[in-house]
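Data block below; observations after.
The values are calculated or read from the model by the stated rules, or taken from the named source; none is laboratory data. Please read these numbers as outputs of a predicted model, since none were measured by experiment. Here the Cβ positions follow ideal geometry from the backbone for every residue, glycine too, while neighbour counts run over all protein chains shown. Areas reflect the complete protein model, heavy atoms only, side chains present, ligands, DNA and RNA absent. Shrake-Rupley method; radii C 1.70, N 1.55, O 1.52, S 1.80 Å.
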Amino acid sequence: MRVKAFALIALAAASIALVEAASISNDVDVKIDEWMTPSKPAYPHDPAVAPDGSVWYTAQRASTIGRFDPTTQQFKEYTLPTANSGPHGLQADKDGNIWYTGNAAGLIGKVDPKTGKVTEYKMPNAKARDPHTIAFLQDGRMFLTVQAGNFVGTLDPKAPDGAIKLVESPTVNSRPYCVRLDSKGVPYFDEFNSNRIGRADPQTLVINEFDLPDKAARPRRIAMGKDDTVWYGDYARGYLGHLDPKSGKVEEFASPGGADSKPYAIDVTADGAIWYVETGDDTKNVLVRFNPETKKFLTWPIPSGGGTVRNMEIDKKGDIWLACSGVGKIARVRVTAGKGTL
């Protein structure tokens, strides 16, 4: 089933209406700290925060998984059994195990931090050659996307072989990419080679698709708002987008960096502010904050340049963690209330 959306296009330059009693502050200070990862070449792709507060990352080109302790600022890395597996997306489960996608080897892996043991689960279909992003459903199963293979699916960690189930995206060659869960545990994913956002039933894997109004739109990553609406970065057109799945309504806001800004990593902080990174110039990535109540943008340059920040994750303290791929670093963004008035 496909839901036809209608558009309310609002250019950022024209979005100047004030919202009374806004709860999201426009006045914030940002401090960005960065740490070089040990692997050479590392190319950290995704960050993930474990239950103990440690920050993990995939060192894609080194075929390792890394752990960073923010308290001691010490690293520990785990070499993966399959060489050149291209670890990509990762998430921690409730027990602290770290799961990752072997994007270049058609597998899902699990690292036990206590023992260093790595368990691998091969995709059951040869076409599912590049598992991409993962998220854990409320019942403990994993939901996953397979980009070039054009699948979404589930993996059951309790089953010896993972009991992987796959279904094809209704849109041919749509490239299911990032996945996020709403407050009810329903997975949403973007289709990076189309102008669509997908929603899958976590039990049946039946997929509904939402059309974005511009056929040239290419949503690369998504984030869930506090109200279970979907925020996305339109990588092709340089927009921040907002989809309300209940009504099908879509809003778009021109990113500060313009049409070539290539919005990529994105997430939503507890106050409802939208954070993402413009990667159009991979030597000068820009962190962006958007207030959905006032429609106001704020921007900060990544100190190292970023080298393309592909993903981010927010910890329990509200710190934003970035994987700065091209410069081999991970970064922490600490957000505090500003001292001035805006």
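Just one residue in the set Gly198, Gly185 is open to solvent by less than 20 Å² (accessible area, probe 1.4 Å), at positive phi and in contact (Cβ under 8 Å) with a residue 12 or more places away in the chain; that residue is Gly185. In this entry, Ala42 is excluded by the filter for residues that are among the small types (Gly, Ala, Ser) and modelled with pLDDT of 95 or more.
The set of residues from the range 283-342 being of a type in the set (A, V, I, L, M, F, W, C), under 23 Å from Ser54 (Cα atoms) and part of a loop (DSSP other than H, G, I, E, B) comprises just one member, Ile302.
If I filter the range 122-145 down to residues being in contact with a Lys or Arg (Cβ under 8 Å, 6 or more places away or on another chain) and not in a loop (DSSP other than H, G, I, E, B), which single residue comes out as nearest to Tyr188 (Cα to Cα)? In this case the residue turns out to be Ala135. Exactly one of these conditions fails for Asp315: (1) within 20 Å of Phe75 (Cα to Cα); (2) crowded, with 18+ Cβ neighbours inside 10 Å. Give me its number. It is condition (2) that Asp315 fails.
Among residues of the range 4-26 being open to solvent by 30 Å² or more (accessible area, probe 1.4 Å) and modelled with pLDDT of 50 or more, the one that is farthest from the chain's Cα centre (by Cα) is Ala22. Inside the range 223-253, residues that are open to solvent by 30 Å² or more (accessible area, probe 1.4 Å) and among the small types (Gly, Ala, Ser) make up a count of 2.
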